[in-house]
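One structure below.
Quick note: the coordinates plus some simple rules give every number you see, no bench work behind them. Note that the structure is a prediction, hence the values are computed from the model and not measured. For neighbour counting, all protein chains shown are included, and Cβ atoms are generated from backbone atoms with ideal geometry for every residue, glycine included.
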């Protein structure tokens, strides 16, 4: 069956429909692609954000051919009808996909937002100055020269914002 995709929002339900018609789960698709189930779920949730190369890999596994056509003047009238049919098919696919999703949801505990009273800001906190102890004399030498300073350990680089790692595939 042919599906005319006119908008990126139509891609998600069509991909889900092809995967389900091939009797594949997201985990099975992910294992064939060599990624985690979560990574494939992100792709399927927002296929408009993936590269064309990744989309082609998914379509190859689903054994789906991609055909691009250019509208001609005679074909413009039928395009509107095709668009309406595809839109209805996409709506049906979304409804079917939601029907298969479990109705139970895990309750999440809301994150506590920091309050201004719990943590003082830099401007309201009193300024701290490092006091340097006066050098002591020990046996005619200054204590600062008698005691050698220890080298400091290198610190780890801070993680990127969000702390998420992207999976390369």
- [ ] Give the calculated FRET efficiency between residue 68 and residue 20 to the nearest 0.05, with a Förster radius of 25 Å applied to their Cβ-Cβ distance.
- [x] 0.50
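Highest mean first, what order results for 16-27, 49-60 on Cβ atoms within 10 Å? It would help to have the intermediate numbers written out before the result.
On the way: 16-27: 15.2, 49-60: 13.2.
So the order, starting with the most tightly packed, is 16-27, 49-60.
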- [ ] Just grab the label-to-label distance for residue 36 and residue 166, each label 7 Å out from Cα along the Cβ direction, in nm (one decimal).
- [x] 1.6 nm
